[in-house]
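A quick write-up on the structure given underneath.
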Amino acid sequence: MKTSKFKLFRGMPVIFGILFLMLSSCTDDFIGKISKKATVETVVANFPGSDGVSIDRRGNVLVSNFGNFFGTEVLRAMPRKGSFEVAVDSVAAPTGNAVDRHGNIFVVNNLRFTAADDGTTEADVLKVSPDGTRTVLATLPGFPSGLTLDRHGNAYVSNFNLGLVYKVSPSGEATVFAEDARLAGSVGIDFDNKGNLYVGNFVSGQILKIAYGGDISVLATLPTVVDDFVLGYLTHFAGSLFVTAIGENVIYRVTLSGDISVFAGNGQLATADGVLEEASFSNPNGIAVDALRRVIYISEFAPGGSLRAIQLE
């Protein structure tokens, strides 16, 4: 009996989806096993990208160059080549970014962050298509910061100045998805596989869980080593959150039940490769996982920082 190539191809997304769900629902023992063999490596030394990180379908790493409000680009790093190029130019202090399966890049563009006459601030959620077409999906108040996408293409944006998370539809409709005073100061944002949204507070170190039904609770709180400089970004992988402690120079693993442990880094402010407990980071900030290739990528905020990778195999 012959099976057409078309039918096989049509079934591939389903097969990959099942495999991904299996990987993402792995037990704690899985994380324990990979931790023993994982290493930290420098992908690009002296890398100007210092903020939000995302991964495209080819395994390229997109990193925003916030540059202490002076950055103007989103960079695309090619890990196999150890090089990078400009993916998006002419933006202002870009923070969180994401890329969808069509190759569209979404980024928070702080072009209008300068306070208006009434003292308010705002920033754009910018969409850049593979052919370079730019669309301002929405202009949000406050200091929009981190950004993640759901499977329907909606963008969810955290806010550093306001206790809000906005949802921006593919057509550009912006609505308040969550509102809570504890959300003010937030940057990192990501979903788990059950539709729960996690938001990391840069200032307080709290990780807030916005349940699928809308309830908001504190999942965990990172220790404060440097006041108001606690938690950079976070990413979900295999049933855990991996979180950058920007002031402590380590990467934390936080289980979805709220248990906290240091996953990588010795706490020294330096860029040194090696096994997880011996490697060091220079203010680790952006973080995203390439689940297909089992690599976690991390940007560093400190001047002269590098793009780092934690090889999970």
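The values are calculated or read from the model by the stated rules, or taken from the named source; none is laboratory data. Everything numeric here is computed off the predicted structure, so don't read it as measured data. Virtual Cβ from ideal backbone geometry, glycine too; neighbours counted across all protein chains shown. For the accessible areas, the whole protein counts, side chains as well, though only heavy atoms, and no ligand, DNA or RNA atoms are used. Shrake-Rupley method; radii C 1.70, N 1.55, O 1.52, S 1.80 Å.
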message: Return the residues of the stretch 239-281 that are small (Gly, Ala, Ser) and buried (at least 21 other Cβ atoms within 10 Å of the Cβ); say none if nothing qualifies.
response: 240, 245, 247, 264, 265, 279
query: Is there a residue in the stretch 270-277 that is over 15 Å from residue 199 (Cβ atoms) and either under 18 Å from the mean Cα position of the chain (by Cα) or among the basic types (Lys, Arg) (or both)?
result: no
message: Being of a type outside the set (Asp, Glu) and either touching a residue at least 12 places away in the same chain (Cβ under 8 Å) or open to solvent by less than 20 Å² (accessible area, probe 1.4 Å) (or both) is the requirement here; does residue 132 meet it?
response: no
- request: Among the residues of the stretch 173-194, count how many are open to solvent by less than 20 Å² (accessible area, probe 1.4 Å) and part of a loop (DSSP other than H, G, I, E, B).
  value: 2
field: Condition check for residue 208: at pLDDT 95 or above and touching a helix residue (DSSP H, G or I) at 6+ places or on another chain (Cβ under 7 Å)
entry: yes
query: Within the group 220, 302, 309, 288, which residue is farther than 29 Å from residue 176 by Cα, at pLDDT 95 or above and not in a loop (DSSP other than H, G, I, E, B)?
result: 309
task: At least 3 residues that are under 14 Å from the mean Cα position of the chain (by Cα) and within 18 Å of residue 232 (Cα to Cα) in each: list the strands (runs of 3 or more DSSP E) lying fully within the stretch 48-162 that qualify.
output: 53-55, 61-65, 144-149, 155-159
- request: Filter the stretch 236-264 down to residues that are free of Cβ contacts under 8 Å to residues at least 60 places away in the same chain and not in a strand (DSSP E or B) and give me whichever is farthest from residue 205 (Cα to Cα).
  value: 257
